[in-house]
């Protein structure tokens, strides 16, 4: 069932003789404001090693955000290495040949930088946000960590305890528990998308330094990496700083084409079963998700799903907020969401409510899904949904951090960064028919129901 | 023990005949970048009614953020009205004479605006962030809500259920539980700072529509309100829009001086006792806070406390992160914090750990506090702490939303918005002696210890 890419970067070196031998640079997008003034320019450089660099120079910015995106996540693991991607992400902060863990922390803290990392099912991201003058420092620290970390067994052991504590923290968070349960229901406890990203207590206790090091060597290669930078910057200078900082340990040597995005290597789509699961926890609230198999990342209908998601549960004027909270007072938190992966996805409705409201909440949610599947949404909802998506996107892209996230993730995941104007055009092109057809299809799929909370008395 | 202001705006009308009868406008700050170009201008207008308007015009911004700050919070309540400020904040979204709850939601959602509110112990804030063209709409909707809400008994009852569910949600969040316990230990369960902001299940079940309406009439008056706007804007246009939108219901009629900030009306400081409290919860983790009485908002030593806080537990290079997480692997989350109120404050260290690590965590935290109290911090830590505070502040003020938060809160709380350059100067002026003297005083105060988690077996 696994759809993880079989090829590693090393194999691709041999398979793809078309790899360029010199850096190539292109301008992807020039954004202007209403007066015609350039507000941002997106450029892309591909190095001979297969490393891709995307910058977005933002007029008037004082900060710069830097992200290193590596195409490895929990779905690239198996039962033996479950949690290795996240474990590795932690261990890379423990020191390089040049810097101790404390050196890394001191240098980034001294400039007030935001500096962190996260691991997802299909990628790992290290990111920093600093004042423009400190960008070279941030590039150097991240370059050092990505290319020349030590991964000492003693550090792996110390970090093991930290990760076990992090898992315990997630176990105390009702949202995390219900989302993990939902993934397990959808893709199976052994499915590569069904496992929790951080691993389990058992898999983390059993993880060896060699397994962590093996993940580092296999996956942290230039052809599997995208670096995105946004804010106050000069593209050429950024490329030169990256070429210097990431050259450690011979990391940029050799030529390769970038690893193709995962969707070009899909062998089969994972089956999403319906089903119901409950985890009994002595919480005050019941947290539940009513879900369906959704759309994968490349599905052209994802823009229609965005509008549908907004109309159903995307804001305080949405059907679910109105029906569940405003009219009936059944819950404080209610919303819908769409998660996308290379070859699968989930559409869900999440609610937290008092235990004795659970049945009524479920009835209202199911009724609204059936209603939209049968009748679609109204013309007003369509217009409002589009306005909300477009306005929210523009508002959400005002800072350097969110621009960096957008370009890095898109280049790694899709192998392309769609222009903002094109995204807006795709949203505006969604029709009432698109939404209804999609709702009719998705909402007729078998129901997933994940419930976490106190034991229900019957 | 209460230090809540005794005067209401109505009384002040009569007490303060010096109230200006015409609007007055001043420029508070003009910020320039390294090349001398103006990047932002802060202006202040006071209307005859006592309403204060602070705008920050940001060069190059595409969005605008709007905040309405009302000087009422949970500390202005008593046992009978406990939770009224937060309840009222919810009910104001339920409709005006002109707009239903759904109208309000639809209008803000349609433009993709971020639109929300929060209640604190000393103030309530309603805020929106929209594209610049939509600012007049946001001003109109918020003006309508603040001045002309209906507060229908049926809406109060419907929202009561939502708030009870919100309280249950907080009860499931270990951080919220431990912070509420800490406040109760510090200021007492009946102290105006010791009560949880949202109220209790009992107080919310007993709240009447009349009590909520009474809070609205008494506290939502121009002299007790600050409106802050930041982003792409024109000050004069914003003032005119506010004068129009907030004129409903005669709200801007009459003349008054702004209510003085709370610190000018302090009668006595609340006593902060030391003490220990435990709440048994079947969580996986133990969440604990080791605290001390800290500093109030006006204390000149708050800049030194900022540096101390940063060095002790403000980043990954801090002593606590290094000693608790990096060296010993005892916890995933460990940090220190300083909370400030008009006449009191708490300095605390928060840790989440596995239950069997609790004793070791406590020993390490106490050892570090004692060490810094005895020896202060190093010159390196001082320099790094200042760099981190200054860099973090500049990075944190890049978007319109955070600028709006800064100016609105400061005008309401301090009666003044300190220039960013002055804040930086104050931080840079902190000496090693300042930090050690402060640490010696604060850390020698009686310990507060709040612990939430599974029953400890002994």
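The values are calculated or read from the model by the stated rules, or taken from the named source; none is laboratory data. Computed from a predicted structure; not experimentally measured. Here the Cβ positions follow ideal geometry from the backbone for every residue, glycine too, while neighbour counts run over all protein chains shown.
Kindly evaluate residue A:86 against the criterion of being assigned to a helix (DSSP H, G or I) and under 21 Å from residue A:154 (Cα atoms).
On the way: assigned to a helix (DSSP H, G or I): yes; under 21 Å from residue A:154 (Cα atoms): yes.
Judged against the criteria, residue A:86 is a match.
Can you tell me how many residues in the range A:247-260 are closer than 20 Å to residue A:296 by Cβ and surrounded by fewer than 19 Cβ atoms within 10 Å (Cβ to Cβ)?
Initial filter on the range A:247-260 (closer than 20 Å to residue A:296 by Cβ): A:259-260.
Next, from what is left, pick out any that are surrounded by fewer than 19 Cβ atoms within 10 Å (Cβ to Cβ): A:260.
Summing the residues that are closer than 20 Å to residue A:296 by Cβ and surrounded by fewer than 19 Cβ atoms within 10 Å (Cβ to Cβ) in the range A:247-260 gives 1.
For the range A:111-127, how many residues meet the condition of being more than 9 Å from every other protein chain (Cβ to nearest Cβ), surrounded by fewer than 21 Cβ atoms within 10 Å (Cβ to Cβ) and touching a helix residue (DSSP H, G or I) at 6+ places or on another chain (Cβ under 7 Å)?
Residues flagged as more than 9 Å from every other protein chain (Cβ to nearest Cβ), surrounded by fewer than 21 Cβ atoms within 10 Å (Cβ to Cβ) and touching a helix residue (DSSP H, G or I) at 6+ places or on another chain (Cβ under 7 Å) within the range A:111-127 amount to 1.
Any idea which of B:264, B:288 is in a helix (DSSP H, G or I) and outside the structural domain of residue B:66 (by TED's automatic domain parsing)? Outline the logic, then answer.
Working: B:288 fails: in a helix (DSSP H, G or I).
It is B:264.
Could you tell me whether residue A:120 is closer than 23 Å to residue A:236 by Cα and touching a residue at least 40 places away in the same chain (Cβ under 8 Å)?
Numbers: closer than 23 Å to residue A:236 by Cα: no; touching a residue at least 40 places away in the same chain (Cβ under 8 Å): yes.
No; evaluated as a whole, the condition is false for this residue.
Scan the range A:221-238 and give yes if some residue there is away from every other protein chain (no Cβ under 14 Å), within 22 Å of residue B:357 (Cβ to Cβ) and over 23 Å from the mean Cα position of the chain (by Cα), otherwise no.
No, the range A:221-238 contains no residue that is away from every other protein chain (no Cβ under 14 Å), within 22 Å of residue B:357 (Cβ to Cβ) and over 23 Å from the mean Cα position of the chain (by Cα).
Test residue B:311 against the criterion of being touching a residue at least 24 places away in the same chain (Cβ under 8 Å), surrounded by 22 or more Cβ atoms within 10 Å (Cβ to Cβ) and facing chain A (nearest Cβ under 8 Å), and give yes or no.
No: the conditions fail for residue B:311.
Output the residues belonging to the range A:346-360 that are more than 14 Å from chain B (Cβ to nearest Cβ) and out of contact with any strand residue (DSSP E or B) (no Cβ under 6 Å at 6 or more places or on another chain).
Going through the range A:346-360, the residues more than 14 Å from chain B (Cβ to nearest Cβ) turn out to be A:346-349, A:359.
Result: A:359, single match.
Go through the range B:128-137 and give me each residue that's under 25 Å from residue B:86 (Cβ atoms) and surrounded by fewer than 22 Cβ atoms within 10 Å (Cβ to Cβ).
Taking the range B:128-137 and keeping what is under 25 Å from residue B:86 (Cβ atoms), we get B:128-130.
Of everything in the range B:128-137, nothing turns out to be under 25 Å from residue B:86 (Cβ atoms) and surrounded by fewer than 22 Cβ atoms within 10 Å (Cβ to Cβ).
Test residue B:2 against the stated conditions and say whether it is at pLDDT 50 or above, surrounded by 13 or more Cβ atoms within 10 Å (Cβ to Cβ) and touching a helix residue (DSSP H, G or I) at 6+ places or on another chain (Cβ under 9 Å). Give the derivation first.
On the way: at pLDDT 50 or above: no; surrounded by 13 or more Cβ atoms within 10 Å (Cβ to Cβ): yes; touching a helix residue (DSSP H, G or I) at 6+ places or on another chain (Cβ under 9 Å): yes.
Judged against the criteria, residue B:2 is not a match.
Of (1) surrounded by fewer than 22 Cβ atoms within 10 Å (Cβ to Cβ); (2) touching a residue at least 24 places away in the same chain (Cβ under 8 Å); (3) more than 30 Å from residue A:63 (Cα to Cα), residue A:232 satisfies all except one. Which?
(3)
Which of the residues belonging to the range B:89-110 are within 10 Å of chain A (Cβ to nearest Cβ), in a helix (DSSP H, G or I) and either touching a strand residue (DSSP E or B) at 6+ places or on another chain (Cβ under 6 Å) or without any contact (Cβ under 8 Å) to a residue 60 or more places away in the chain (or both)?
Matches in the range B:89-110: B:93, B:101, B:102, B:103, B:104, B:105, B:106, B:107, B:108, B:109, B:110.
Return the residue satisfying two criteria in turn: it lies in the range A:331-345 and is within 12 Å of chain B (Cβ to nearest Cβ) and in contact with a strand residue (DSSP E or B) (Cβ under 6 Å, 6 or more places away or on another chain), and of such residues it is surrounded by the fewest Cβ atoms within 10 Å (Cβ to Cβ).
Taking the candidates together, the pick is A:333.
Answer yes or no: is there a residue in the range A:261-271 that is within 14 Å of chain B (Cβ to nearest Cβ), crowded, with 24+ Cβ neighbours inside 10 Å and either more than 20 Å from the chain's Cα centre (by Cα) or modelled with pLDDT under 95 (or both). Working first, answer last.
Of the residues in the range A:261-271, the ones within 14 Å of chain B (Cβ to nearest Cβ) are none.
No; the residues of the range A:261-271 include none that is within 14 Å of chain B (Cβ to nearest Cβ), crowded, with 24+ Cβ neighbours inside 10 Å and either more than 20 Å from the chain's Cα centre (by Cα) or modelled with pLDDT under 95 (or both).
Tell me whether the range A:371-383 contains one or more residues that are touching a helix residue (DSSP H, G or I) at 6+ places or on another chain (Cβ under 6 Å), on the phi > 0 side of the Ramachandran plot and assigned to a loop (DSSP other than H, G, I, E, B).
yes
Does the range A:159-186 hold any residues that are assigned to a helix (DSSP H, G or I), without any contact (Cβ under 8 Å) to a residue 12 or more places away in the chain and closer than 30 Å to residue B:395 by Cβ, and which are they?
Looking only at the range A:159-186, we keep the residues that are assigned to a helix (DSSP H, G or I), and these are A:159-171, A:174-186.
Next cut, without any contact (Cβ under 8 Å) to a residue 12 or more places away in the chain only: A:161, A:165, A:168-169, A:171, A:176.
Those that are assigned to a helix (DSSP H, G or I), without any contact (Cβ under 8 Å) to a residue 12 or more places away in the chain and closer than 30 Å to residue B:395 by Cβ: A:165, A:169, A:176.
Does residue B:85 qualify as being surrounded by fewer than 23 Cβ atoms within 10 Å (Cβ to Cβ) and modelled with pLDDT of 95 or more?
Criteria not met by residue B:85.
Does residue A:79 satisfy being modelled with pLDDT under 95, in the same structural domain as residue A:194 (by TED's automatic domain parsing), in contact with a helix residue (DSSP H, G or I) (Cβ under 9 Å, 6 or more places away or on another chain) and surrounded by fewer than 19 Cβ atoms within 10 Å (Cβ to Cβ)? Spell out the reasoning first.
On the way: modelled with pLDDT under 95: yes; in the same structural domain as residue A:194 (by TED's automatic domain parsing): yes; in contact with a helix residue (DSSP H, G or I) (Cβ under 9 Å, 6 or more places away or on another chain): yes; surrounded by fewer than 19 Cβ atoms within 10 Å (Cβ to Cβ): yes.
When the stated conditions are applied, residue A:79 passes them.
Out of contact with any helix residue (DSSP H, G or I) (no Cβ under 8 Å at 6 or more places or on another chain), surrounded by fewer than 21 Cβ atoms within 10 Å (Cβ to Cβ) and assigned by TED's automatic domain parsing to the domain that holds residue B:103: is that true of residue B:244 in this structure?
Values: out of contact with any helix residue (DSSP H, G or I) (no Cβ under 8 Å at 6 or more places or on another chain): no; surrounded by fewer than 21 Cβ atoms within 10 Å (Cβ to Cβ): yes; assigned by TED's automatic domain parsing to the domain that holds residue B:103: yes.
No: the conditions fail for residue B:244.
Sort out which residues of the range A:411-425 are within 28 Å of residue A:318 (Cα to Cα), more than 13 Å from chain B (Cβ to nearest Cβ) and surrounded by 16 or more Cβ atoms within 10 Å (Cβ to Cβ), and write them in order of number.
Residue satisfying the conditions is A:423 alone.
Of the residues in the range A:383-403, how many are surrounded by 22 or more Cβ atoms within 10 Å (Cβ to Cβ) and more than 30 Å from residue A:125 (Cβ to Cβ)?
Residues that pass the stated criteria total 1.
Within the range B:361-400, work out how many residues are in contact (Cβ under 8 Å) with a residue 60 or more places away in the chain, within 14 Å of chain A (Cβ to nearest Cβ) and more than 30 Å from residue B:130 (Cα to Cα).
Total satisfying the criteria: 8.
Among the residues that make up the range A:276-287, is at least one of them surrounded by 23 or more Cβ atoms within 10 Å (Cβ to Cβ), more than 12 Å from chain B (Cβ to nearest Cβ) and in contact with a helix residue (DSSP H, G or I) (Cβ under 6 Å, 6 or more places away or on another chain)?
no
Is one or more of the residues making up the range B:266-278 touching a strand residue (DSSP E or B) at 6+ places or on another chain (Cβ under 7 Å) and closer than 30 Å to residue B:392 by Cβ?
yes
Is it true that some residue in the range A:137-147 is outside any helix (DSSP H, G or I) and touching a strand residue (DSSP E or B) at 6+ places or on another chain (Cβ under 9 Å)?
no
Answer with yes or no whether residue A:62 is within 14 Å of another protein chain (Cβ to nearest Cβ), modelled with pLDDT under 95 and surrounded by fewer than 18 Cβ atoms within 10 Å (Cβ to Cβ).
So residue A:62 does not fit the description; no.
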